[in-house]
Structure formats: structure tokens, C-alpha cells
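To keep things clear, I will list the structure first and then write my remarks on it.
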Amino acid sequence: MADNFIYCPSSTRTDEKIIERNRREEMKALLSELHSLVPNQSSTEGEMTLSDQLENATNYIKQLKENVEKLKEKREKLMGLGEKSTITSENKARLILQVEAHRVGSSLEILLTTGSVYHLVLRQIIQLLQENGTEIVDINQSTVADRAFHKIIAQVKGAEGERICETVKKFVSQYKDDQYTV
């Protein structure tokens, strides 16, 4: 049986050369694409070695990751999810002060007066309105000294307006009296 086997080394070598050439061409195309994605490439960087180009791309990706983390922290801070959003005895007095909610035609108008740490309460009231089937039409805000004034206008379906007004008032009074009395 061994006599029937024909060994052809040139065919195997040719296949290996083709496979290796295809691999190199694919790597070259991928490196070119990576190089094009990294900004601030000057004409002198075209003469950079392959390892320098890869290091440049790696540094750029690390920088992007750091920027993403910084932006996440900033977003959390702005949304009140960061460390500074915890309520302490020092800022309890600066929270919610009063709310007025009444129906105007098919709309619901909510006037909210808060202290300087307002974003927590405002966000919760907006969520409460949305959970009760209202559609937020407009939100206006103005700030004077350490007070923030908000006017929320929402569309109400059917006779739900009075119930939603009472729900908002009840929520605010509980929030104000139970958790944040000074």
C-alpha cells in the first residue's frame, strides 16, 4: 500500500505559500484599517514602524476608554447617581419646598419649587407622571438664588387629571415630611 502513495512536496509548498500570502495581505488590510481609524496621523507617521503604529493605536484606544469613564462619571454626577447625590443633613433644607398641581382643560400643570438639590425630586416626579399615563408636553425651569422653579405641563387622558394631581401631591408631601424634614 505504501507504494501507491505519491509524495509531491512542491504542491504542498505552493499551498503553504498561498496561505501565507493571503494571511499577510489580510493582516496588511486590517492594519491599514486600524491606522486609518486613529486620528492625527501626519505624513511622517506613515514612515512609522509597524510596532510604533500598533503602539499609537493602543494608546489611542486607552485614551478613549479613559474619556468614556470620565463621561460616565460626569453623567452620573449630573443625573444625581454619583457620590454627591447622597442626602446629608447639610443639604436636607435645600430640597423640595412646595408643589402645586392642578388641571387646566385636558392638561395637567405642576408648579414645583425646590432647593438647589432639585434634580432628584424633579426626576422622580417626571417618572411618576409617565408611569400614570401622562405625556410630558413642556418643562420650564428657572433658578433664583438657591431656589429652582419648575413648571411641568402634561397631557392627561380622560378624567385621570384629578387623580394624578392628588398622586403627585401625596408623593411630594411624603417625600418632604418623612425623609427630609429639618
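The values are calculated or read from the model by the stated rules, or taken from the named source; none is laboratory data. Nothing here was measured: the structure is a model prediction, and the numbers come from that model. Every residue, glycine as well, gets a Cβ built from its backbone with ideal geometry; the counts of neighbours run over all protein chains shown. These area figures cover heavy atoms from the full protein model, side chains too; ligands, DNA and RNA do not enter into them. Shrake-Rupley method; radii C 1.70, N 1.55, O 1.52, S 1.80 Å.
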Qualifying residue in the stretch 47-58 (condition: open to solvent by less than 70 Å² (accessible area, probe 1.4 Å), touching a His at 6+ places or on another chain (Cβ under 8 Å) and at pLDDT 65 or above): yes
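Quick check on the stretch 148-169: of everything there that is charged (D, E, K, R) and modelled with pLDDT under 80, which residue is nearest to residue 100 (Cα to Cα)?
In the first step, residues of the stretch 148-169 are kept if they are charged (D, E, K, R); the result is 151, 157, 160, 162-163, 166, 169.
Right, trim to modelled with pLDDT under 80 and you get 157, 160, 162, 169.
Numbers: 157: 20, 160: 17, 162: 12, 169: 7 Å.
Filtering the stretch 148-169 for residues that are charged (D, E, K, R) and modelled with pLDDT under 80, the one nearest to residue 100 (Cα to Cα) comes out as 169.
Does residue 127 fit the bill of being at pLDDT 75 or above, open to solvent by 90 Å² or more (accessible area, probe 1.4 Å) and closer than 22 Å to residue 156 by Cβ?
Details: at pLDDT 75 or above: yes; open to solvent by 90 Å² or more (accessible area, probe 1.4 Å): yes; closer than 22 Å to residue 156 by Cβ: yes.
Against the criterion (at pLDDT 75 or above, open to solvent by 90 Å² or more (accessible area, probe 1.4 Å) and closer than 22 Å to residue 156 by Cβ), residue 127 qualifies.
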Only listed residue being closer than 17 Å to residue 173 by Cα, at pLDDT below 80, open to solvent by 40 Å² or more (accessible area, probe 1.4 Å) and not hydroxyl-bearing (Ser, Thr, Tyr), chosen from 145, 93: 93
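Is the stretch 36-45 home to any residue that is modelled with pLDDT of 75 or more, in a helix (DSSP H, G or I), farther than 30 Å from residue 123 by Cα and not basic (Lys, Arg)?
If we filter the stretch 36-45 for residues that are modelled with pLDDT of 75 or more, which is where we start, we get 36-39.
Filter again for in a helix (DSSP H, G or I), leaving 36-37.
Narrowing further to those that are farther than 30 Å from residue 123 by Cα: 36-37.
Remaining after also requiring not basic (Lys, Arg): 36-37.
Yes; the residues of the stretch 36-45 include at least one that is modelled with pLDDT of 75 or more, in a helix (DSSP H, G or I), farther than 30 Å from residue 123 by Cα and not basic (Lys, Arg).
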Considering residues of the stretch 4-34 that are in a helix (DSSP H, G or I) and modelled with pLDDT under 85 only, the residue nearest to residue 57 (Cα to Cα): 13
